[in-house]
Amino acid sequence: MSGTSDSLTPRSSERESVFLLANVSARDGTVSGVFRIRNISREGVMAEGAVSFRLGCEVNVDLRNIGIVEGEIAWTDSDRFGVHFDRAIDPHATRRVIGTGKQGSR
């Protein structure tokens, strides 16, 4: 990692490898995009994509089945970056299927 790899807080929860798409946007409205989420934990995510976020930038991450989670850019490295959430989430919720896709019989 580059010189911006210092974490804002020590990592204290297990990460899970995933492949999700999520909209990440700076709260000041300057940067927004859809990024690939590669790792997720209760406290944050590691995402890939064209990075233009600054270290410490406050962001909103829109996660499937969870909604918008506020956080801060904890590190950047080439085309990857980490977000530390302001509150803990249930990372398993992003994998849950909502509904069955089947219509009830009439």
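Numbers below:
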| item | result |
| --- | --- |
| Enumerated strands (runs of 3 or more DSSP E) restricted to the range 43-95, each holding at least 2 residues that are aliphatic (A, V, I, L, M) | 44-48, 58-63, 67-77 |
| Checking Gly56 against (1) out of contact with any Leu (no Cβ under 8 Å at 6 or more places or on another chain); (2) surrounded by fewer than 16 Cβ atoms within 10 Å (Cβ to Cβ); (3) at pLDDT 95 or above, the condition it does not meet | (1) |
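The values are calculated or read from the model by the stated rules, or taken from the named source; none is laboratory data. Note that the structure is a prediction, hence the values are computed from the model and not measured. FYI the Cβ positions are ideal-geometry reconstructions off the backbone, even for glycines, and counts take in every protein chain you see.
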